[in-house]
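Accompanying notes for the structure given below.
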């Protein structure tokens, strides 16, 4: 998404299987957070995933990303596991959502 020609929010989908895609690189410029851009990008990506025939979206975020976690939970994503990345010590949180 752009504001006055500047990219302020983005996201992408990556095919995992014929039925499953992964939400990747969803970001909102910190100057524009809390203005609905994350919700709009998520809705657009979900609609696009459905158009492309995917029945499930999976994603991960870090435990520190509380705002992202709240966004995903609010939109019907279910937490399916947590995992510590051994090299970094960061905790990753994995979510999924059925689109059908």
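Just so you know, all these numbers are worked out from the coordinates, no wet-lab data involved. In this text the structure is predicted, and so the values were computed from the model without any measurement. For neighbour counting, all protein chains shown are included, and Cβ atoms are generated from backbone atoms with ideal geometry for every residue, glycine included.
Using label points projected 7 Å from each Cα along Cα→Cβ, tell me how many nm separate residue 48 and residue 90, to one decimal.
So the two model labels end up 2.2 nm from each other.
Specify the residue with the greatest mean-square fluctuation among 31, 82, 14, computed from a Gaussian network of the chain linking alpha-carbon atoms under 10 Å apart.
Among 31, 82, 14, the largest mean-square fluctuation in the Gaussian network model of the chain belongs to 31.
Once you have the Cα-Cα distance between residue 82 and residue 24, take 0.36 nm times their residue separation minus that, and quote the gain in nm to one decimal.
Here the segment from residue 82 to residue 24 would lengthen by 19.1 nm.
How much length would be gained if the chain were fully extended between residue 40 and residue 1, taking 0.36 nm per residue of separation minus their Cα-Cα distance, in nm to one decimal?
Full-extension gain reported as 13.1 nm.
What is the Cα convex hull volume of the chain when expressed per residue in Å³?
113 Å³
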